[in-house]
Amino acid sequence: MRLDNKVALVTGAASGFGQGIAETFAREGARVAVVDINEKAARQAAASISNKAIALRCDVSQRADVDTAVRATVDAFGRIDILVNNAGMSHVRRPMLEVEEAEFDRLMAVNVKSIFLFAHAVVPLMRKQKSGVIINIGSTAGIRPRPGLTWYNASKAAVNLVSKSMAAELAGDGIRVCAIAPVMAETPLLPTFMGGDSAELRAQFKATVPLGRFATVADVANATLFLASEEASFLTGNVLEVDGGRCV
């Protein structure tokens with residue numbers, strides 16, 4: 001097993017990419033903290049993984065919640081080897097000046113501040129272990145932005161870049177940091193990104209992907225598994241585009 005005896009904390013793990021990552025990690029031997037703001041959904045996801053997982057409610061934009069989730073994971077499993085900052089949100093696709101300030105603030109808090117908060121909570125633990133892997137879920141939106149998603153694009157550009165900066169700063173501590181940059185995928189956020197959902201919109205967006213389809217949860221989970229595993233032990237600071245050629 002590629003993650004045998006590892007402990008992973010995955011945020012936004014009750015659905016979409018996060019759930020797929022949590023399930024894949026558990027299948028590969030990890031014990032997993034399924035962290036999500038939706039406690040009921042987190043419990044359901046953890047139950048499907050069985051005794052290799054615990055469910056923890058957490059608003060990733062709130063320091064007290066983050067600290068509590070990290071303590072609970074360590075109390076249950078003894079350590080944290082892998083942190084996946086997956087929780088994220090978007091504003092509905094529309095002109096940039098139509099996005100309200102409160103929506104912008106929440107977007108940045110969930111997508112960017114959460115990485116700051118989890119770094120403060122988890123990096124000291126990994127430094128003591130002299131090892132650890134942090135994987136942040138960025139986006140192709142932060143590399144090749146689409147109109148109508150300006151503030152979301154900005155938040156994911158921050159995720160992509162902070163991953164590189166963290167990697168440079170933490171390498172001496174034995175901590176690797178990478179990011180995944182998926183193209184749009186069949187997740188609950190898809191209609192938000194497209195500004196609706198119709199056969200016409202789907203065809204329009206798929207046409208911008210050279211391989212001709214959206215990403216899948218499995219695509220992203222498998223890429224995350226690789227970066228978390230020993231097979232990627234010499235990789236840090238990478239932003240892995242899981243995008244069917246969208247950023248070429």
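Scanning segment 167-200 for residues that are closer than 21 Å to C247 by Cβ and in a helix (DSSP H, G or I) yields a total of 5.
State whether the residues of segment 62-80 include one that is assigned to a loop (DSSP other than H, G, I, E, B) and among the polar types (S, T, N, Q). Steps first, please.
We begin by selecting, within segment 62-80, every residue assigned to a loop (DSSP other than H, G, I, E, B); these are 62, 78-80.
Those still in the list that are among the polar types (S, T, N, Q) too: 62.
Yes, there is a match, as at least one residue in segment 62-80 is assigned to a loop (DSSP other than H, G, I, E, B) and among the polar types (S, T, N, Q).
In segment 41-97, of all residues being under 16 Å from the mean Cα position of the chain (by Cα), among the polar types (S, T, N, Q) and surrounded by fewer than 23 Cβ atoms within 10 Å (Cβ to Cβ), the one that is nearest to K128 (Cα to Cα) corresponds to S61. Is one or more of the residues making up segment 205-212 more than 30 Å from A119 (Cβ to Cβ), at pLDDT below 95 and touching a helix residue (DSSP H, G or I) at 6+ places or on another chain (Cβ under 9 Å)? Yes, some residue in segment 205-212 is more than 30 Å from A119 (Cβ to Cβ), at pLDDT below 95 and touching a helix residue (DSSP H, G or I) at 6+ places or on another chain (Cβ under 9 Å).
Can you confirm whether segment 131-140 contains a residue that is in a helix (DSSP H, G or I), under 22 Å from L227 (Cα atoms) and touching a residue at least 40 places away in the same chain (Cβ under 8 Å)? The answer is yes; a qualifying residue exists. For segment 182-196, the set of residues classified as buried (at least 16 other Cβ atoms within 10 Å of the Cβ), out of contact with any strand residue (DSSP E or B) (no Cβ under 8 Å at 6 or more places or on another chain) and touching a residue at least 40 places away in the same chain (Cβ under 8 Å) consists of T187, L189, T192, F193, M194, listed by residue number.
Would you mind stating whether K156 is under 12 Å from the mean Cα position of the chain (by Cα) and part of a helix (DSSP H, G or I)? Answer is yes for this residue. The combined condition, being more than 30 Å from G172 (Cα to Cα), at pLDDT 95 or above and buried (at least 19 other Cβ atoms within 10 Å of the Cβ), is not fulfilled by L117. With respect to (1) touching a helix residue (DSSP H, G or I) at 6+ places or on another chain (Cβ under 8 Å); (2) within 21 Å of L189 (Cβ to Cβ); (3) among the basic types (K, R), the lone exception for R63 is condition (2).
Total residues in segment 201-225 satisfying the condition of being outside any loop (DSSP other than H, G, I, E, B) and either touching a strand residue (DSSP E or B) at 6+ places or on another chain (Cβ under 8 Å) or at positive phi (or both): the figure is 6. In the set G88, G29, only one residue is more than 27 Å from T140 (Cα to Cα) and part of a loop (DSSP other than H, G, I, E, B); that residue is G29. You will find that of A179, A167, A199, the residue that is without any contact (Cβ under 8 Å) to a residue 12 or more places away in the chain and not aromatic (F, W, Y) is A199 and no other.
The values are calculated or read from the model by the stated rules, or taken from the named source; none is laboratory data. As the structure is a prediction and not an experimental result, all values here were calculated from the model. Cβ sites come from the backbone with ideal geometry, for glycine too, and all protein chains shown count toward neighbours.
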